[in-house]
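The values are calculated or read from the model by the stated rules, or taken from the named source; none is laboratory data. Owing to the predicted nature of the structure, the values given are computational and were not obtained by experimental measurement. Reconstructed Cβ throughout: ideal geometry from the backbone, glycine too, with neighbour counts over all protein chains shown. Each accessible area value is taken on the protein alone, full model and side chains, heavy atoms only, with ligands, DNA and RNA left out. Shrake-Rupley method; radii C 1.70, N 1.55, O 1.52, S 1.80 Å.
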Amino acid sequence: MSMGKDGTPMDHEAADRIAEAAERDPDSPTATSGFADRAEAAADRNDEDDDC
């Protein structure tokens, strides 16, 4: 399970907030690093883990 610094798994709500921030400022490090895509992928993986 992918977790942030505080040990909380990435969920779709958090991934959506990250994506919205990247859309608001396309030149930001969040937008240009591809972090939004990685956050969404982590949320998807965590959903799969919850189905077990």
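In this rough spin-label picture, where each label sits 7 Å from Cα along the Cβ direction, the residue 32-residue 6 distance is 2.8 nm. Considering helices alone, the calculated mean residue ellipticity of the chain at 222 nm is -19000 deg cm²/dmol, with DSSP H runs of length four and up weighted by -39500 (n - 2.57) and normalised per residue.
Computed as a quarter of the hull surface, the mean projected area of the alpha carbon convex hull for the range 9-52 stands at 2.7 nm². Surface composition of the chain: carbon and sulfur make up 49 percent of the accessible area, probe 1.4 Å.
Using the 1.4 Å probe convention, the accessible area of the chain works out to 74 Å² per residue with neighbouring protein chains retained.
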